[in-house]
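Heads up: the structure comes next, in structure tokens.
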Amino acid sequence: MNPLMTDFQTPAQRTPVIVALDFANEKDTLAFVRTLDPALCQIKIGKELFTATGRSLAESLINQGFKLFLDLKYHDIPNTVAQACKVAADMGVWMVDLHASGGRRMMEAAAEAVANSAAKPLLIGVTVLTSMEQSELADIGIQSPIEEQVLRLAKLAQSSGLDGVVCSALEAAPLRRELGGEFVLVTPGIRLDTAGNNDDQRRIMTPAEALAAGSTYLVMGRPVTQAADPIAVLREVNRVANS
Ligand code: C5P
């Protein structure tokens, strides 16, 4: 059993995959979701699909029994982010994310806003976008090495009351060491076979490698959405996670 099991998942329920629903419209999304089983995965809606479909699709997926990660990466003044997180909590969203670079007051306000929700969503911080290069950090006035900046923002997220961060699976091991066993690490860039087709991802890990490095949840898009048998992929990752 993975020693990094968190309170959020009991041994019987260890289903680490969050399927990224990177579809452009409701029809394609619902056609794909019909092939999934909420007992085997969580799902994620991002900016494109949410902007296209709004709250109704999100609520319909929650009503179908799926745990929903609303990946809208909030970044605004504390009151605005806190109110947005509260609306997400009231909708029954399971996980929501916000930029840790929005600062301590913004994150504390968000944590306080959802603290008394009937089902408190997991609040997840975005540290440094994995698309950013060192030179782009310098452009916005950040001279620290990327890894240092990621760790600084992850520690700030933790001490501001967030439940975890999104990070590259390659950053998971040092973050796990620094932040302890309970902090949620959500990692994209997962491929079933690292020698195969990586699509546009550059730095990738297999599910087994990412879990061993300390990932709590694995965000997987195309390896599931474009699989001939998505359920078989989910069952295989769950088998690995529980072995
Ligand atoms: O298809 P694939 O597995 O590459 O999809 C990964 C998902 O995770 C996409 O929704 C992508 O936007 C998201 N993501 C990512 N890298 C990050 C943050 C989010 O790939 N650093």
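Taking every residue in region 126-148 that is open to solvent by less than 50 Å² (accessible area, probe 1.4 Å) and within 16 Å of the ligand (Cβ to nearest atom) and pairing it with any residue that is among the polar types (S, T, N, Q) and in a loop (DSSP other than H, G, I, E, B), at least 6 positions away or on another chain, the pairs with Cβ-Cβ distances below 9 Å are Leu137/Gln143; Leu137/Ser144.
Every listed requirement among (1) open to solvent by 20 Å² or more (accessible area, probe 1.4 Å); (2) closer than 20 Å to Met95 by Cα; (3) within 12 Å of the ligand (Cβ to nearest atom) is met by Val165 save one, (1). Listed by first and then second residue, the pairs with beta-carbon distance under 7 Å, at least 6 apart or on different chains, first residue in region 182-202 and within 25 Å of Ala100 (Cβ to Cβ), second part of a loop (DSSP other than H, G, I, E, B) and aliphatic (A, V, I, L, M), are Gly189/Ile204; Ile190/Ile204.
Filtered by the rule that a residue be of a type in the set (A, V, I, L, M, F, W, C), in contact with a strand residue (DSSP E or B) (Cβ under 9 Å, 6 or more places away or on another chain) and more than 13 Å from the ligand (Cβ to nearest atom), region 168-200 gives Leu175, Leu179, Phe183, Val184.
Looking only at region 122-131, how many residues end up being among the aliphatic types (A, V, I, L, M) and modelled with pLDDT under 95?
Going residue by residue through region 122-131, those that are among the aliphatic types (A, V, I, L, M) are 122-124, 126, 128-129.
Those still in the list that are modelled with pLDDT under 95 too: 128-129.
Matching residues across region 122-131 total 2.
Where residues in region 216-243 are within 10 Å of the ligand (Cβ to nearest atom) and touching a Cys at 6+ places or on another chain (Cβ under 9 Å), which of them is farthest from Glu133 (Cα to Cα)? Quick ask: steps written out before the conclusion?
Of the residues in region 216-243, the ones within 10 Å of the ligand (Cβ to nearest atom) are 218-226.
Now restrict to residues that are touching a Cys at 6+ places or on another chain (Cβ under 9 Å): 220, 224.
Working: Met220: 23, Val224: 28 Å.
Restricting to residues being within 10 Å of the ligand (Cβ to nearest atom) and touching a Cys at 6+ places or on another chain (Cβ under 9 Å), the top hit is Val224.
Among the conditions (1) closer than 25 Å to Ser168 by Cβ; (2) part of a helix (DSSP H, G or I), the only one that Val128 does not satisfy is (2).
When the strands (runs of 3 or more DSSP E) confined to region 1-108 are screened for residues that are open to solvent by 10 Å² or more (accessible area, probe 1.4 Å) and modelled with pLDDT of 95 or more, those reaching at least 3 such residues are found at 68-74. Looking at (1) away from the ligand (no atom under 16 Å from the Cβ); (2) in contact with an Asp or Glu (Cβ under 8 Å, 6 or more places away or on another chain), find the lone condition where Leu156 falls short. For Leu156, the exception is condition (2).
Please tell me if Arg203 is away from the ligand (no atom under 16 Å from the Cβ) and charged (D, E, K, R). So that I can check it myself, show each step before the final result.
On the way: away from the ligand (no atom under 16 Å from the Cβ): no; charged (D, E, K, R): yes.
Considered against the rule, which asks whether it is away from the ligand (no atom under 16 Å from the Cβ) and charged (D, E, K, R), Arg203 comes out as no.
Somewhere in region 208-215, is a residue near the ligand (Cβ under 9 Å from one of its atoms), under 16 Å from the mean Cα position of the chain (by Cα) and buried (at least 22 other Cβ atoms within 10 Å of the Cβ)? Checked region 208-215: no residue is near the ligand (Cβ under 9 Å from one of its atoms), under 16 Å from the mean Cα position of the chain (by Cα) and buried (at least 22 other Cβ atoms within 10 Å of the Cβ).
Look at Ala241 and say whether it is open to solvent by 10 Å² or more (accessible area, probe 1.4 Å) and hydrophobic (A, V, I, L, M, F, W, C). Here the answer is no, as Ala241 does not meet what is asked.
The values are calculated or read from the model by the stated rules, or taken from the named source; none is laboratory data. All values derive from a computational prediction rather than experimental measurement. Reconstructed Cβ throughout: ideal geometry from the backbone, glycine too, with neighbour counts over all protein chains shown. Only protein heavy atoms, including side chains, enter the accessible area calculation; ligands, DNA and RNA are left aside. Shrake-Rupley method; radii C 1.70, N 1.55, O 1.52, S 1.80 Å.
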